[in-house]
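The values are calculated or read from the model by the stated rules, or taken from the named source; none is laboratory data. Because the structure is a prediction, the values reported are computed rather than measured. Methodologically, a virtual Cβ is constructed for each residue, glycine included, from the backbone with ideal geometry; neighbour enumeration extends over all protein chains shown. These area figures cover heavy atoms from the full protein model, side chains too; ligands, DNA and RNA do not enter into them. Shrake-Rupley method; radii C 1.70, N 1.55, O 1.52, S 1.80 Å.
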Amino acid sequence: MKRLMLPMMLVLMIVGSVHARPAPVDAPPDREGILDAMGEELKRGMSGLRVEDFEPPYFLAYQLKMHDSYNIEVRYESVHRSGRHRDADVYVEARVGDYAFDNTPRGEDFFAPPFDIAEGLPVTDTAPIDGNLKALRASLWLMTDRAFKEALSQYQQKRGKVVYKKREKDLASFSREAPSVHVEKPLPFAFDRKRWERNLKELSALFRNHPEITQSVIRLQAGKETRYYVNSEGGRIADERVLFALSADAEIRAEDDMVMTNSRVLYGPGQDAMPSMKEAKKELEGMIAELLALRNAPLLDPYSGPAILSPQAAGVLFHEAVGHRLEGERQNNDEEGRTFKGRVGQKVLPEFLDLVDDPTLKVFGKTPLNGFYRFDDEGVPARRVTLVENGVLKNYLMSRTPVEGFPNSNGHGRSSGTRKPMARMGNTILKSRRAVSSVELEKRLIEMVKRQEKPYGLIIENMEGGTTNTSSYGYQAFKGVPRIVWRVFPDGRKELVRGVELVGTPLLSINKIVLTGDEYKVFNGFCGAESGSVPVSAVAPALLLEELELQRKKEQKGRPPILPNPYNGDNGKKADSR
């Protein structure tokens, strides 16, 4: 199950830097020294790892990720958590055999749990955070020995399987790629904890006069990830990622005791790019107003009919319904639904739509994009990939695991922590050549409602995120969780409703798109899949669909607190007597 979600639900490697009386920081480790130490140990492995009568390694790769992060959590205008955490993880990837056929898993074996060395995945361990090069080399020495022995064992087992299962013709185990050498300058990382604690308390105070809101929490997650990568082909990379995430979550109960939640997340690739306190307050005030309105909104019955998806909701739809199904490894796996396998050159979307994934974009308009990166987690440069053009499928997202007809990576091998990289989205952008203004789009929606003789249509303003199932043993379906849904009547009246979630099958839903808006917006978030949680962005216009299906959301109910919240005082509210 793949999931696109907002980041406060995850333990993130989120990063940042600030000014104004910064806390003392440690001197950055010797960047070239770390790369040299990793390179020397790798050379020792390539030249000295030998077991009599067995093959030596043909490929080795080391990846070290060092994290420095801060986390602040505020509830009821009080700091509940505030601290710093530092760690480092390293993985060793060993391959035995050759590019055409080696020890690494393919097909259903690639996704088979547990995700550890028993399945030929990288050997992982912690690493020193203080830049001690001898300690780092000692860790790499033991891990390399273990990874090589496991690779030999897996290679022999894989060769044995070929006796019973025919090899796929001309489908290599690993792609040949030119080595990349790129060493960035270190980024400063200082964090003014007191300042952020004051800011979060000030934001938390916005909930003080709303006793209807039973729970609220404000979080700031900030940190820096520094990555070092070397491989036996000559790859040598040192780079960093910086990202702030300011998030708010709140909960309210309707009169029927249905629990509803709402959230906001504000991202920035550093302190200077974060929204101002004025902007943050405006976002939270909007979130509170939505919750209060939802409390009195009627429940919507299951629905099938015309609908408009806002740009943000449209981005989530294409991420879940299309993007995951274009990830390369899924085309090799018999246990995947493989919705788009063998369909290159065929029409898969309406002819006025294009879909690209471009992780080289840092911003869209003035909005920073979470899915930006220069090199993927296999050391391959990020590239812009046209996935669908004029509705016709052109390409897949590729890591260094080849797919029939696509022998090379296009820089989309991604992972979090020390998981094995696989093809993943970065910045997924939907483009349209059949676009109208938002006013005209709503006018067309009402015309469609009348033509289909429906009692109303829907406008889905935004989404919390979504999930999708791509496996062959389940239905090829996706699900989105709308936050704000409007019912639009034939006379143009609008009514806020609650209690539904968007569902559908990929090919059917996306081919119901008849028109788009002319304004593009960004959805930033994190996507969870087999290779972990990675930052992603989706850019899209609003979509008009002639048919969209929504089902009743599973209700969370329960007796509310018996006594009033002492944080708000009783505010004239009596204890629950039901």
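Rule-of-thumb check for the range 377-458: C-alpha Rg over 2.2 N^0.38 Å?
Values: Rg = 19.8 Å, N = 82, 2.2 N^0.38 = 11.7 Å.
Here the Cα radius of gyration is 1.68 times the empirical estimate.
When only the heavy atoms of the protein chains count and the probe is 1.4 Å, how do 399, 232 rank by accessible area, highest first? Walk me through the intermediate numbers first.
Numbers: 399 0, 232 45 Å².
So, going from the largest accessible area down, we get 232, 399.
Would you kindly give the portion of the calculated P(r) for the range 118-215 that falls above 22 Å, as a percent of all Cα pairs? Spell out each step's value before the answer.
Details: 3241 of 4753 pairs.
So the portion of pairs separated by more than 22 Å is 68 percent.
What are the semi-axes of the equivalent ellipsoid of the range 280-370, taken as the square roots of 5 times the eigenvalues of the Cα gyration tensor, listed largest first and rounded to whole Å?
Values: eigenvalues 223, 91, 38 Å².
Calculated on Cα positions only, the semi-axes equal 33, 21, 14 Å.
Return the percentage of antiparallel bridges among DSSP beta bridges fully within the chain, rounded to the nearest 5 %.
Numbers: 130 of 143 bridges.
Just about 90 percent of them are antiparallel.
Rounded if a/c is under 1.5, else prolate if a/b is larger than b/c, else oblate: which is the range 338-396, with a ≥ b ≥ c the root eigenvalues of its Cα gyration tensor? List each step's numbers first, then the result.
Details: a/c = 3.26, a/b = 1.56, b/c = 2.09.
Because a/c hits 1.5 or more and a/b fails to exceed b/c, the range 338-396 counts as oblate.
Counting only protein chains, not ligands or nucleic acids, how are 184, 52 ordered by accessible area (probe 1.4 Å), most first?
Numbers: 184 35, 52 150 Å².
In descending accessible area the options line up as 52, 184.
Per-residue accessible area for residue 290 at 1.4 Å probe radius, Å² rounded to 10?
We get 40 Å² for residue 290.
How do 307-313, 519-525, 81-87 rank on mean C-beta neighbours within 10 Å, highest first? Don't skip to the end; give the middle numbers.
Details: 307-313: 25.9, 519-525: 22.6, 81-87: 12.6.
My ranking of the peptides, most packed first, is 307-313, 519-525, 81-87.
Counting only heavy atoms of the protein chains, get the accessible area per residue of the range 123-183 (1.4 Å probe) and round it to a whole Å² value.
Numbers: 3990 Å² over 61 residues.
Here the residues of the range 123-183 average 65 Å² of exposed surface.
Can you work out D for the chain in µm² s⁻¹ from Stokes-Einstein, where Rh is the Kirkwood radius over C-alpha pairs, the temperature is 10 °C and the viscosity is 1.306 mPa s?
Working: Rh = 25.6 Å.
Reported coefficient: 62 µm²/s.
Within the accessible area of the chain, what % is carbon and sulfur when the probe is 1.4 Å and the other protein chains stay in place? Before the final figure, lay out each step's value.
On the way: 12620 of 25020 Å².
In the chain, the share of accessible area belonging to carbon and sulfur is 50 percent.
On each of the three principal axes of the Cα atoms of the range 220-319, give max minus min coordinate, whole Å, ordered largest first.
Per principal axis, max minus min of the Cα coordinates gives 62, 36, 23 Å.
Kindly report, to the nearest 10 Å², the accessible surface of residue 486 as traced by a 1.4 Å probe over protein heavy atoms only.
Accessible area, nearest 10 Å²: 70 Å².
Per residue, how many Å² of accessible area does the range 305-361 show with a 1.4 Å probe?
That works out to 22 Å² per residue.
Would you mind getting the accessible area per residue of the range 491-544, heavy atoms of the protein chains only, 1.4 Å probe, in Å²?
Values: 1580 Å² over 54 residues.
For the range 491-544, the per-residue accessible area is 29 Å².
Report, in whole Å, the centroid distance computed from the Cα atoms of the range 153-203 and the range 399-458.
So the separation of the two Cα centres works out to 24 Å.
Given a 1.4 Å probe and heavy atoms of the protein chains only, how would you sort 424, 264, 434, largest accessible area at the top?
So the residues, ranked largest to smallest area, are 434, 264, 424.
So which of 43/185; 278/521; 454/512; 347/443 end up more than 18 Å apart by C-alpha?
Numbers: 43/185 25 Å; 278/521 21 Å; 454/512 16 Å; 347/443 29 Å.
In this structure, 43/185; 278/521; 347/443 lie more than 18 Å apart at Cα.
Quick one: helix 438-451 against the long Cα principal axis of the chain, what's the angle to the nearest 10°, folded into 0 to 90?
70 degrees
Hey, if you put +1 on the Cβ of every Lys and Arg and -1 on every Asp and Glu Cβ in the range 304-458, which of 315, 339, 415 ends up farthest toward the positive end of that dipole?
315
Using θ = phi - 60° and the Karplus curve 6.51 cos²θ - 1.76 cosθ + 1.60, what whole-Hz ³J(HN,Hα) does each residue of the range 220-231 get, with Gly and Pro shown as x?
Computed from phi, the couplings for the range 220-231 are 10, 10, 9, x, 9, 10, 10, 10, 10, 9, 9, 9 Hz.
If I model a spin label at residue 47 and residue 233 as a point 7 Å from the Cα along the Cα→Cβ vector, what separation in nanometres do I get?
Inter-label distance under the simple model: 2.3 nm.
May I ask you to order 346-355, 321-330, 90-99, 487-496 by the average number of other C-beta atoms within 10 Å around their residues, highest value first?
Details: 346-355: 18.4, 321-330: 25.5, 90-99: 23.3, 487-496: 13.2.
Descending packing order for the listed peptides: 321-330, 90-99, 346-355, 487-496.
Roughly how much of residue 282 is accessible, in Å² to the nearest 10, using a 1.4 Å probe?
150 Å²
Could you derive backbone 3J(HN,Hα) for the range 194-206 from the dihedral phi with the Karplus parameters 6.51, -1.76 and 1.60 (θ = phi - 60°), listing whole Hz in sequence and x where the residue is Gly or Pro?
Values, residue by residue: 4, 4, 5, 4, 4, 4, 5, 5, 5, 5, 4, 5, 5 Hz.
What do the square roots of 5 times the Cα gyration tensor eigenvalues come to for the range 346-496, in whole Å, largest first, as semi-axes of the equivalent ellipsoid?
Here the semi-axes work out to 36, 17, 17 Å.
Tell me which of 561, 375, 66 sits at the most positive position along the dipole axis of the chain, charges placed on C-beta atoms (Lys, Arg +1; Asp, Glu -1).
561
Rounded to whole Å and ordered largest first, report the semi-axes of the equivalent ellipsoid of the range 158-271 derived from its Cα gyration tensor (root of 5λ). Intermediate values should be presented prior to the final figure.
Working: eigenvalues 453, 155, 16 Å².
Over the Cα atoms of the range 158-271, the semi-axes work out to 48, 28, 9 Å.
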